[in-house]
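Right, one structure below, let's go through it.
The values are calculated or read from the model by the stated rules, or taken from the named source; none is laboratory data. These numbers come from a predicted model, not from an experiment. Neighbour counts are summed over all protein chains in view; Cβ atoms, including those assigned to glycine, are modelled from backbone coordinates with ideal geometry. For accessibility, only protein heavy atoms count, side chains too; no ligands or nucleic acids. Shrake-Rupley method; radii C 1.70, N 1.55, O 1.52, S 1.80 Å.
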Amino acid sequence: MVILAKRVFTGYEWLVDQQIHVHQGRIQEIKSVEGDLQGSGFICAGFIDLQVYGGGELLFSNHPTEASIAKTFEEHHQTGTTHFQITLNCSPKETMWRAIDSCKAYLAQGGKGLIGLHLEGPFFNPIRKGAHKEEYVQKPSVEYIQEIVQRAGDLPIYMTIAPEMFSEEELDYIIKSPIMVSLGHSDATIDQANQALAKGANRITHLFNAMSQWQSRALGLVGASLSSEAWTSIIVDGLHCDFRSVKLAKELKKQHLFLITDAVTHDVSGPYLFEKKDGKFTNESGTLSGSALTMEQAIQNCVYQVGMDVEEAIRMATLYPAQVANLEQDLGTVEVGKKACLIHVSDDFKVQQVWLDGEPLMD
């Protein structure tokens, strides 16, 4: 199979008038064509969303099923997301086990796009629970962490935790485990956060939201992020944080800031009741609950509202999340040997076509 492109952004450079040869789902060759190709827009790597909660009015936290995962892919690939971590709100053990089993079953049946499970909780600080239910917040223990790891098996697990809720033994154990640890929903001091970062927890979840803030004499988790090279996600929808905050964060974090949508879906059928009104989702108490954002919109906001270079905005949705999730050997850039997971984007950053392992997904 050959994909023709007037322009290609590889993740590092721009190429013009190219043909991308695909064999068995991977890029076999990228080379110039003779003459000028017609067309507009460009091809780049597919977007990777490490925090999305559902789609098609099926919230994974209410329905931890294969159908919810499939609906999420069906909805979000339309706006360029080829790969995602389905995300579970802070939940009871039984729901977590169902979520793990559903992810395994989805992958075993050839389900598309799923790269792992993001457990957002249950080891939070209740003070920073956000829209999560406090009754589901739980205490960590080595035995509990062991059970998560054993049940997950080969399924990649990404977990947001509040480090101050852990003993030193528990924190050491989870960081050394296969779980990809991210700090968030936390009231940690900068010293507590830096201790966790020094131990190897080099990820932070949705900067500025549900975390201790940067104050003159207490820098908090925000300060720990902005003064370190920890990978940090951010929601660029103009609601979760001001676009000027994104700009300043980008200047400080540089290549260690990456995009997530934090997207939920309208679903009032279970314990998490998220309803869309005036372009945003809130729970039953009116708390901002996830987002209505797509990766396509996040890119547009980064370029048009924040003033980022196109190239850097794309890397924040492709290369950087691939590196964060340890997937850069297969995803995140357009290179020979990598999976042919690509998108064609118009000049105003609207997704026109999506290829997953070389197969087009849009009519």
>> Looking only at region 51-72, count every residue that is crowded, with 24+ Cβ neighbours inside 10 Å, more than 23 Å from ILE234 (Cβ to Cβ) and not aliphatic (A, V, I, L, M) and tell me the total.
In response: 2
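Return the residues of region 221-245 that are over 25 Å from THR282 (Cα atoms), in a helix (DSSP H, G or I) and either among the acidic types (Asp, Glu) or open to solvent by 10 Å² or more (accessible area, probe 1.4 Å) (or both); say none if nothing qualifies.
Within region 221-245, the first condition is being over 25 Å from THR282 (Cα atoms), and the residues that meet it are 223-231.
Retained after the next criterion (residues that are in a helix (DSSP H, G or I)): 223-226.
Of everything in region 221-245, just one residue is over 25 Å from THR282 (Cα atoms), in a helix (DSSP H, G or I) and either among the acidic types (Asp, Glu) or open to solvent by 10 Å² or more (accessible area, probe 1.4 Å) (or both), namely LEU226.
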> In region 304-362, which residue that is of a type in the set (Gly, Ala, Ser) and over 18 Å from LEU257 (Cα atoms) is surrounded by the most Cβ atoms within 10 Å (Cβ to Cβ)?
Replying inline: ALA340
>> For a quick check of your reading of the model, give me the residue pairs whose first member lies in region 1-13 and is among the β-branched types (Val, Ile, Thr), whose second is open to solvent by less than 10 Å² (accessible area, probe 1.4 Å) and part of a loop (DSSP other than H, G, I, E, B), with beta-carbon atoms closer than 6 Å and at least 6 apart or on different chains.
In response: VAL8/VAL334; THR10/THR333; THR10/VAL334
> Which residues, counting only those in region 143-164, are in a helix (DSSP H, G or I), touching an Asp or Glu at 6+ places or on another chain (Cβ under 9 Å) and over 24 Å from SER102 (Cα atoms)?
Replying inline: GLU164
> Does GLN85 qualify as being under 30 Å from GLU284 (Cα atoms) and either open to solvent by less than 10 Å² (accessible area, probe 1.4 Å) or modelled with pLDDT under 95 (or both)?
Replying inline: yes
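Among the residues of region 103-125, is there at least one that is under 30 Å from ASP347 (Cα atoms) and aromatic (Phe, Trp, Tyr)?
So the first thing to find is which residues in region 103-125 are under 30 Å from ASP347 (Cα atoms), and the list is 112-115.
Imposing the further condition that a residue be aromatic (Phe, Trp, Tyr) reduces the set to none.
Among the residues of region 103-125, not one is under 30 Å from ASP347 (Cα atoms) and aromatic (Phe, Trp, Tyr), which makes the answer no.
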> Within the set of pairs 6+ apart or on separate chains, which have a first residue in region 338-351 that is over 15 Å from LYS112 (Cα atoms), a second that is open to solvent by 50 Å² or more (accessible area, probe 1.4 Å), and C-beta atoms under 6 Å apart?
Replying inline: HIS344/GLN352; SER346/GLN352; ASP347/SER40
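Output yes when any residue across region 293-303 is out of contact with any Leu (no Cβ under 9 Å at 6 or more places or on another chain), open to solvent by 20 Å² or more (accessible area, probe 1.4 Å) and free of Cβ contacts under 8 Å to residues at least 24 places away in the same chain, and no when none is.
First, pick out the residues of region 293-303 that are out of contact with any Leu (no Cβ under 9 Å at 6 or more places or on another chain): 294, 296-297, 300, 303.
Adding the requirement that they be open to solvent by 20 Å² or more (accessible area, probe 1.4 Å) leaves 294, 296-297, 300, 303.
Now restrict to residues that are free of Cβ contacts under 8 Å to residues at least 24 places away in the same chain: none.
There is no residue in region 293-303 that is out of contact with any Leu (no Cβ under 9 Å at 6 or more places or on another chain), open to solvent by 20 Å² or more (accessible area, probe 1.4 Å) and free of Cβ contacts under 8 Å to residues at least 24 places away in the same chain.
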> Which one of the conditions (1) surrounded by fewer than 17 Cβ atoms within 10 Å (Cβ to Cβ); (2) closer than 19 Å to MET211 by Cα; (3) in contact with an Asp or Glu (Cβ under 7 Å, 6 or more places away or on another chain) does ILE260 fail to meet, given that it meets all the rest?
Replying inline: (1)
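So that you can scan it fast, the table gives a plain yes or no per residue for (1) free of Cβ contacts under 8 Å to residues at least 24 places away in the same chain; (2) part of a helix (DSSP H, G or I):
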site: ALA198; (1), (2): yes, yes
site: SER216; (1), (2): yes, no
site: LYS247; (1), (2): no, yes
site: GLU251; (1), (2): yes, yes
site: SER285; (1), (2): yes, no
> Can you name the residue in region 1-36 that is within 15 Å of VAL354 (Cα to Cα) and assigned to a loop (DSSP other than H, G, I, E, B) and, of all such residues, is modelled with the highest pLDDT?
Replying inline: GLY25
